[in-house]
Structures are given as C-alpha cells and as structure tokens.
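Engineer: Below is the structure I would like to discuss, written out as structure tokens.
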Amino acid sequence: MILKTENLSHRYSSTWAIRDINIEIAEHGIIGLLGSNGAGKSTTMNIICGTLNPTEGNVYINGINKRKDPEAAKREIGFLPQNPPLYTDLTIDEYLVYTAELRLIDKRKVRAAVEEVKDKCGLSHFSSRLIKNLSGGYRQRVGIAQSIIHKPKLVVMDEPTNGLDPNQLIEARKLIREIAQEHTVLLSSHILSEINILCREIIMIESGRIVFSDTMDAFNNYT
Ligand code: ADP
Ligand code: ADP
C-alpha cells in the first residue's frame, strides 16, 4: 500500500475540519481529491505530508507509520503545497540544490538529482534564472521539480492546475501525467472536469468527510 490513512480527523479550534478520512492507494497513477472550497482537501494533504499533525488517526506511507518514523516516511513523499514557499531570490539551480539537501539526498548525488529533475520538468535551459522572474507556469514546474527530486513513491499536489492560463494548463497536465508514470500522484482540485481529465480514481470530500471513493468510470456512471 503506497498510502493508507486510518480515521484521520482534524480540529483547528472547536470545529472538525475533517472527520474519519480513510484512504487506501495501492497502485500507480493519478488519484484525484475533489471537493469544494473548505471541504478539507488542504488539511488532509498537509497531514499526509507531515506539515500538520492530525488530532486523531494515522498515516502510513509505503507501510511506514508517520508517527513512528517520520523521517523514513518523509523520504517517500513529495509535496507541492497550494502556495509553495518558493524562495524567489534564488535561481532555479540554487533552489533545487537547497531542496535536494533538505530532502536528505546524499551530498554527492545532489548535482545529478538536480540535473535529472530539471530535464524532466523542462527547466534545463533556465538554470540561472531567478525564480521571481519566472512566469506562473514555469514557477509551477519548479514547484513540481522540488516535489520529485528525491524520487518519492507518493507525490501530493494541492490544486496544481489552479490559476494557470490555457497554455500553462496544457503543459502542467502533460508534466503531471509524465510524473505519474513513475510516481503515485494524489492531486486535489475543486474542479470536477480537472479531476475527470487527469485521474484514474476519485475521492470526493464534502464538509470534511469522504462521500465517494472509486474509479473515475464508476463516478461517471453513478452521477
Ligand atoms: P480545502 O483545502 O478543501 O479548501 P481546508 O482543508 O483548507 O479545505 O479547510 C477545511 C476547513 O478547515 C474549512 O472550514 C477551513 O475554514 C478550516 N481551516 C483551514 N485551515 C484553518 C486554520 N488554520 N485555522 C482554522 N480553521 C482552518
Ligand atoms: P520540520 O521537520 O521542522 O517539520 P521539514 O524539514 O519537515 O520541517 O519541512 C520544512 C518544509 O519543507 C515544510 O514546511 C514543508 O512544506 C516542506 N517539506 C517537508 N517535507 C517535504 C517533502 N518530502 N516534499 C516536499 N516538501 C516538503
């Protein structure tokens, strides 16, 4: 099992943001997390990625319990947050070296990892560009590049196609599909057509609870 969550629940203050979220992902491909704004997508993803501790429940990444061995679990996850903290005064190269080192990649392998990921994400010709001077589409590619630099089993992307113009959207979808050949991708969106076009499976969340979870085909037959 690449990802398993066990009765994940989270409360920020008095109200529950998510309740009893159970997810099981065994295979490669793109799995969509669909829900309207405020449904609980970011909360779920932040917990899976370890940037937020759940009030209740467990997360297993590739069989590793996140509570018991957070470092080992972290090595198997890549995360593209909704608003990635891209350190915009760095060049693409500097930023990717920094993230590679943060992900505990062996120092001697950092250079090769950076080159490989730039090649994969179409960034090879932009190495010395400052991130702050990039278009939204290229900045998104940098965000995606950092999420796969340590070759994680699971890549979690929070609304990765939100706010892109049509050309950027086409490029982003293409890149995400390529990434899903080698990694399992859990991707969120509040737009059904986006999940429909990209995903093999769909998990629909409403007011913090899962209301549907099956293949995209089953969803389309059911609705
Ligand atoms: P989504 O990503 O689907 O838009 P979120 O996970 O961001 O949903 O939010 C789920 C619920 O939790 C919402 O009701 C939201 O207002 C609330 N929430 C999110 N973050 C916080 C926070 N830091 N403090 C308090 N409430 C929060
Ligand atoms: P801490 O251990 O103090 O919680 P981390 O080093 O885990 O800090 O995380 C620092 C930041 O890097 C987090 O805010 C998170 O957004 C990001 N991050 C952590 N792990 C990953 C990962 N595997 N993939 C992508 N981003 C990550």
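No lab work stands behind these numbers, since they all come straight from the coordinates. Remember, it's a predicted structure, so these values are computed and weren't measured experimentally. Heads up, the Cβs are rebuilt from the backbone with ideal geometry, glycines too, and the neighbour counts pull from every protein chain shown.
Engineer: Quick check on packing: order 205-217, 136-148, 45-57 by the mean number of other C-beta atoms within 10 Å, highest mean leading.
Structural biologist: Peptide ranking by packing, descending: 136-148, 45-57, 205-217.
Engineer: Taking Cα atoms, how many degrees apart are the long axis of helix 136-148 and the longest axis of the chain, rounded to 10 and kept between 0 and 90?
Structural biologist: Here the helix axis deviates by roughly 80 degrees.
Engineer: Additional query: Apply the Karplus parameterisation 6.51 cos²θ - 1.76 cosθ + 1.60, with θ equal to phi minus 60°, to every residue of region 76-88 and state each ³J(HN,Hα) to the nearest whole Hz, in sequence, with x for glycine and proline.
Structural biologist: Going residue by residue, I get 9, 10, x, 9, 10, x, 4, 10, x, x, 6, 6, 6 Hz, with x marking Gly and Pro.
Engineer: Please work out how much length the chain gains when fully extended from residue 83 to residue 215, using 0.36 nm per residue of separation minus the C-alpha to C-alpha distance, in nm with one decimal.
Structural biologist: Here the answer is 44.7 nm.
Engineer: Can you give me the angle between helix 110-120 and the longest principal axis of the chain, using Cα atoms only, in degrees from 0 to 90, rounded to the nearest 10?
Structural biologist: 70
Engineer: Can you give me the C-alpha center-to-center distance between region 156-203 and region 209-223, rounded to a whole angstrom?
Structural biologist: What the calculation gives is 17 Å, centre to centre.
Engineer: Once amide H atoms are placed 1.01 Å from N in the peptide plane, what residues at a sequence separation of 5 or more from residue 203, or on another chain, have their amide H within under 5 Å of its amide H?
Structural biologist: Placed amide hydrogens put 32, 33, 34 under 5 Å from residue 203.
Engineer: So, one more: For the chain, what is the calculated [θ] at 222 nm in deg cm²/dmol (nearest 500), taking -39500 (n - 2.57) for each run of four or more DSSP H residues and dividing by its residue count?
Structural biologist: Rounded to the nearest 500, the figure is -10000 deg cm²/dmol.
Engineer: Moving on to the next point. Let me check I've understood the local charge: for residue 152, count other residues with C-beta under 9 angstrom from its C-beta, Lys and Arg +1, Asp and Glu -1. What total comes out?
Structural biologist: Overall, the nearby charge balance is +4.
Engineer: What residues qualify as long-range amide H neighbours of residue 78, i.e. H under 5 Å apart, gap of 5 or more or another chain, H built at 1.01 Å from N?
Structural biologist: Hits under the 5 Å cutoff: 154, 155, 156.
Engineer: Next up: Please tell me which of these pairs span more than 21 angstrom C-alpha to C-alpha: 120/153; 107/174; 107/132; 109/151; 74/109; 68/107?
Structural biologist: 107/174; 107/132; 68/107
Engineer: Another question about this same structure. Quick one: helix 166-179 against the long Cα principal axis of the chain, what's the angle to the nearest 10°, folded into 0 to 90?
Structural biologist: The angle comes out at about 80 degrees.
Engineer: Aspartates and glutamates within cross-link reach of residue 4: Cα-Cα under 20 Å, excluding same-chain residues under 8 positions apart?
Structural biologist: 20, 24, 27, 56, 69, 71, 76, 158, 182, 201, 206, 214
Engineer: Is region 35-114 best put as rounded, prolate or oblate by its Cα gyration tensor, with a ≥ b ≥ c the root eigenvalues, rounded for a/c under 1.5, and otherwise prolate when a/b is larger than b/c, oblate when not?
Structural biologist: Oblate, because a/c is 1.5 or more while a/b does not exceed b/c.
Engineer: In addition: Quick check: net charge around residue 183, other residues with Cβ under 9 Å of its Cβ, Lys/Arg +1 and Asp/Glu -1?
Structural biologist: Taking every Cβ under 9 Å from that of residue 183, the sum is +1.
Engineer: Calculate the length of the line joining the C-alpha centroid of region 3-56 to that of region 102-154, in whole Å.
Structural biologist: Computed from Cα coordinates, the inter-centre distance equals 26 Å.
Engineer: Output ³J(HN,Hα) for region 31-48: one whole-Hz value per residue in order, computed from phi by the Karplus curve 6.51 cos²θ - 1.76 cosθ + 1.60 with θ = phi - 60°, and x for Gly and Pro.
Structural biologist: Once θ is set to phi - 60°, the couplings for region 31-48 become 10, x, 10, 9, x, 6, 4, x, 5, x, 5, 5, 4, 4, 5, 5, 5, 4 Hz.
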